[in-house]
1. Report, by residue number, each residue of region B:186-201 that is open to solvent by 10 Å² or more (accessible area, probe 1.4 Å) and within 17 Å of B:Asp25 (Cα to Cα).
2. Count, please, the residues in region A:153-211 that happen to be modelled with pLDDT of 80 or more and either touching a His at 6+ places or on another chain (Cβ under 9 Å) or within 14 Å of chain B (Cβ to nearest Cβ) (or both).
3. Search region B:51-82 for residues being under 17 Å from B:Ile98 (Cβ atoms) and under 18 Å from the mean Cα position of the chain (by Cα), and hand back the single one that is modelled with the lowest pLDDT.
4. Could you please let me know if B:Ser38 is assigned to a strand (DSSP E or B) and under 18 Å from the mean Cα position of the chain (by Cα)?
5. Against the conditions (1) in contact with a strand residue (DSSP E or B) (Cβ under 9 Å, 6 or more places away or on another chain); (2) free of Cβ contacts under 8 Å to residues at least 24 places away in the same chain; (3) surrounded by 15 or more Cβ atoms within 10 Å (Cβ to Cβ), where does B:Thr41 fall short? Just the number, please.
6. Filter region B:47-62 for residues that are open to solvent by 40 Å² or more (accessible area, probe 1.4 Å), farther than 27 Å from A:Lys66 by Cα and of a type outside the set (Gly, Ala, Ser) and give the result.
7. Can you pull out the helices (runs of 4 or more DSSP H) entirely within region A:1-116 that have at least 1 residues that are buried (at least 16 other Cβ atoms within 10 Å of the Cβ), at pLDDT below 80 and within 12 Å of chain B (Cβ to nearest Cβ)?
8. Got a number for residues in region B:45-76 being outside any helix (DSSP H, G or I) and facing chain A (nearest Cβ under 10 Å)?
Amino acid sequence: MISLLKKDFKLVTFGTFNKIFLIVFVPVLMAMTGFDFTMKYMYMTIVLSFAYMMVSTSFSYDVQYKTNLLVQSLPTTKAEIVRGKYLFSILVFLFSMIYSWFYLGLLNIFTILKFDLFDLSTLKNAFILFLILISFILPLNYKLPPKVASFFSIFTYVFLVNTFAMSITDIEGIFNHWLFSLYGGLFGIFIGLVLFILSTKLSIYLYGKRA
Amino acid sequence: MLEIKNLNKRFKEGFEIRDLSFKLDKGYIMGFIGPNGSGKTTTIKLMMNLLTKDSGNINLFGLDHIKHEKEIKDRIGFVYDESHFYEDMTMRQMKSIIEPFYSKWDNATFNNYMKRFDLNPDLRIKKLSKGMKMKYSLALALSHKAELIIMDEPTSGLDPIFRREILDILYNIIQDEDVSIFFSTHITTDLEKIADYITYINNGSLVFSLSKDEVMEKYHIIKGDPDILDQNLRNKLLGVRETKVGFEGLIDDTNLIKGLPNERIIIEKPSLEDVMYYTKKVN
């Protein structure tokens, strides 16, 4: 399992282009969102986008180079390969949180923007959305042809981010939704984790059937 | 080392592997031959559990290939026909991805092979020729103390010099009696140089699995004038090729041609290609 995680992290960080891309991704995204809407939603958008981009990149390399045959021939199993990808997505989310936090911290230090760096409720909401996002897009990648899967993944990502993270109008109303507010958000995390586990089992089944 | 019993796999498109059985002992090279589309790659994918079998048993090192998948793959080195590497990576970067998967990975061995094959580890994989990629695959396959090397068409598309080099490397590997090689190819001349056993499949079915010597002893090419090729003789031949001046056919039992006029026929030892050619006609 650790070997699979190392593989995915190496994939998304190898080469000068990838390294530069990772460094500039957050500031570019911040500039694109224009710094002009509530900081906590910008933070959430950045965390989700960065994590999504990392997971998608690791998939796209496997598609681009047709490396499935190689990976499956290594001392591992198909079930482990799938579990590895789900675990990788969680680790990437944690990394994305810290990484984005670092940039926002810099903006705070230079008093360019004011952001509560310890706003746990934003992190909790981002985590719920991320669990839901991953639960939908990973089975798509294991079932559908790469280009179709990529289209539906982007669609799901844009839908979730637009609906919950970037919707300025009535945003507080959305986060008062029971998914995020019931039992202080614990219910949403529970739902997200149940989806995540079911999605893992579904992906193992789908990948096992794939030649 | 490797034992396949009554293996079956059917695809929606109609192609199937039918009741395939053969075995390979420790320390030998088995050539796995058959025409294009005969099921060689499918069989290898079934052995590696990349495809799910319908029925039958595949045992490697005495272990079931599904129940002990990780343990078995840890002891296998594989080389495929096409490159399945991350081509934008250097060979060093790619090695660093593969290395952690193996419990007995040995960097010193890997570096030795890279030096011996004259490969610069900092070169991007996409810059390598097919022959160099094959050598790199071989270096990876040989650097974790694999006991069985599985190769799918390793010499196809290589020029004769590279092919000879690869065969020499394999020949040297087999001097270590603990290593076996399973080597699929349709270039039968390669096997005449190095194989101990030949397993031949056609249309997903086993034609034979014998030692190379047995194959050479069992089969004979018979040549003669067209007028002695009557229906009786025709029935005894596994395959026949006729021209205006004569015929040439394959038999698997010389007793069958007793009674034919010796002065009018020539009996020769066939090449593996002859055996494959004529038996394909039958199958």
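The values are calculated or read from the model by the stated rules, or taken from the named source; none is laboratory data. Computed from a predicted structure; not experimentally measured. Every residue, glycine among them, receives a Cβ derived from its backbone with ideal geometry; neighbour counts consider all protein chains shown. Quick note on the areas: whole protein, heavy atoms, side chains included, nothing else; ligands and nucleic acids left out. Shrake-Rupley method; radii C 1.70, N 1.55, O 1.52, S 1.80 Å.
1. Within region B:186-201, B:Ile194, B:Asp196, B:Tyr197 meet the criteria.
2. Of the residues in that region, 5 qualify.
3. Only one residue fits best here, namely B:Glu82.
4. no
5. With (1) in contact with a strand residue (DSSP E or B) (Cβ under 9 Å, 6 or more places away or on another chain); (2) free of Cβ contacts under 8 Å to residues at least 24 places away in the same chain; (3) surrounded by 15 or more Cβ atoms within 10 Å (Cβ to Cβ) applied to B:Thr41, the lone miss is (2).
6. Scanning region B:47-62 gives B:Asn57, B:Asn59.
7. A:39-65
8. 8
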